[in-house]
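Working notes for the structure below.
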Amino acid sequence: MVDIGTLSMIILLAMFALLAIGMPLGFASAFLAVVTLVLKFDASILWGNFGQGPFSVLGQAVYRQMTNYVLISVPLFIFMAALLERSGIAKDMYSSLNVWLSRTRGGIAIVTSIMAVIMAAMSGIIGGEVVLLGLIALPQMLRLGYNQNLAIGTICASGSLGTMIPPSIVLIFYGLVTETSIKALFTASFLPGFMLAMFFITYIIVRTNLNPSLAPLPEPVPGEPEGNEKRMMFLGFLAKTGMWIAGVLTGRALFFTVTGDNRIVENTDPIPLGMVADLPYLAAAFGIFALIAYVVVGKARTDKGWEMGKGLVAPIVVIGVVMGSIYGGITGITEAAGMGVVAVFVIGLLRREMNFEIVWDALVRTLRSTGTIIWVTIGASALAAAYTLAGGPTFVANLIVGYDLPTMGVILMMMLIFLIMGMFMDWIGIVLLIMPVFLPIVVRLPAEEIGWLGTIDPRLIPIWFGVVFCMNMQVSFLSPPFGPAAFYLKSVAPAHISLTDIFKGFLPFICLQLLALAVLLAYPPIVTVFL
């Protein structure tokens, strides 16, 4: 029987060796799960009584993951992203954003970042975002003479925001593995996700204004509104959008009132913006937006602004359906994913863009992506269960605590491990293999010693650590040598752009990601603002 320290080293070296020779992570993990049990116990377990002994623990762990209802949301979100990628919704959104920011220095790069945020809020699938932005935005930026590194970095860094911004599949898996509320994780990650996006946009604005040659302005289009006129049209577009949203929410509150679903019941949370008391405020909001649109801005400007910005309406509807279903108390995560698929499909039908070929292609891509995720989940769950059975978590906990590091020293050591593993391993494997070991250690640390500029409620530490983990995975998507964002972009980039060029464009954005990670570590309460 091999001691746990030697066994841990064997597993670590074997994992890197198997990945280096090209074995898929799921199969490598499953193989090492069997090796772990054989080395820790005895080879006789391979031909022992079926359903008994250590092997039964592996089966139970895999079964528990595979039968988790929330897991169904993963293929649904992937299917929704595949439908979005093939439809014209993303292209129209890009065109509408470009109308408003075309005369801004670095405007197309800013449009790309904003578009990535909106797409992340619709589906949370990273690979599809990078590919889509590479197809739509990269040719435009290169044609206008944008700096190649700036264009590449903007597309890949912004396209990876789906890791942080809900509905993030990374957060869903973290919640499944650690039994943490996924809705709370989504709520906690809002501010850090948008903070990171603002870091990207601020960097683009500052750098392009310091060096205008990095982002030349396009030639003005004859008849295009400029200056205050364009700003007034944009205000009219926002006001009209606000009218629609306030009108829908008012109708929703009226429906709940007629059906009696919004009765005040003791020990039951009220329906957000759906109670009788909310009706006057919703009606007032509708009136204020109407006043701005048709009195302050004027009907002609508002109609023109709506025509220029209507490409943003479909994404707003999809986001409203998905996130509104979750936070409005209408459905859970899984049902919201299904409603998002229906919303995209219906919008595609109304736009006459949906056909059998597109749906079939989306289904095939969903099957491939989900199959990969499921196999990795099965293998990693088996390895995590085998390592736990062998006493691995206790060994790692004692090893880390044995260094007698301060609380933040322990957390920084974990961050370093996450960053290094993220360079070589997929995030699914990391969350399934490492999180069951690390989270119990973090939960036992003194809550008052976590962070340098603020403290966090001990009950919220699992949520904070999940958001911090996702920020680490943001870095891993860009980290050489296996940063997946680089390979996603390479698949659609012009032939003259090499992988070396792509990784070179990542460097400033990796620094921004590390800065955002430092903010989360220094000031943990940032994740609890909306909780």
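The values are calculated or read from the model by the stated rules, or taken from the named source; none is laboratory data. All of these numbers come straight from a predicted model, not from anything done at the bench. Methodologically, a virtual Cβ is constructed for each residue, glycine included, from the backbone with ideal geometry; neighbour enumeration extends over all protein chains shown. What goes into the accessible areas is simple: the full protein's heavy atoms, side chains included, and nothing from ligands, DNA or RNA. Shrake-Rupley method; radii C 1.70, N 1.55, O 1.52, S 1.80 Å.
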Within segment 391-526: Cβ-based charge dipole about Cα centre, in debye rounded to nearest 20 (Lys, Arg +1; Asp, Glu -1): 260 debye
Separation in nanometres of the label points that stand 7 Å from Cα toward Cβ, at residue 275 and residue 2: 6.0 nm
Folded to 0 to 90 degrees: helix 89-101 orientation relative to the chain principal axis, Cα: 60 degrees
Carbon plus sulfur fraction of accessible area for the chain, probe 1.4 Å, in percent: 69 percent
Solvent-accessible surface ranking, highest first, for 433, 489 at 1.4 angstrom: 433, 489
Charge-dipole axis of segment 141-278 as Lys and Arg at +1 and Asp and Glu at -1 on Cβ define it, positive-most pick from 145, 237, 265: 145
Helix 435-444 axis, angle to the chain major axis (alpha carbon atoms, nearest 10°): 90 degrees
Label-point gap, in nm, between residue 448 and residue 307 - each point 7 angstrom along Cα→Cβ: 6.5 nm
Cut-off of 10 Å, at most 13 other beta carbons, DSSP loop: longest stretch of the chain lacking such GluC sites (Glu not before Pro): 267-531
Most positive-pole-ward Cα, 515, 154, 187, against dipole of the chain from beta carbon charges: 154
Restricting segment 322-385 to trypsin sites (Lys or Arg not before Pro) in coil, as DSSP defines it, with at most 10 other Cβ within 10 Å: 352
Distance (nanometres) between label positions extended 7 Å along Cα→Cβ at residue 491 and residue 398: 4.5 nm
In segment 73-157, the trypsin sites (Lys or Arg not before Pro) that fall in loop regions by DSSP, at most 16 other Cβ within 10 Å: 103
Label corresponding to Rg/Rh (Cα atoms, Kirkwood Rh) when calculated from the structure given, among (1) 0.99; (2) 0.96; (3) 1.07: (1)
Candidate lysines - alpha carbon under 29 Å from residue 91, same-chain residues fewer than 8 apart omitted: 230, 240, 299, 304, 310, 490, 504
Alpha carbon centroid spacing (whole Å) that separates segment 453-497 from segment 168-203: 11 Å
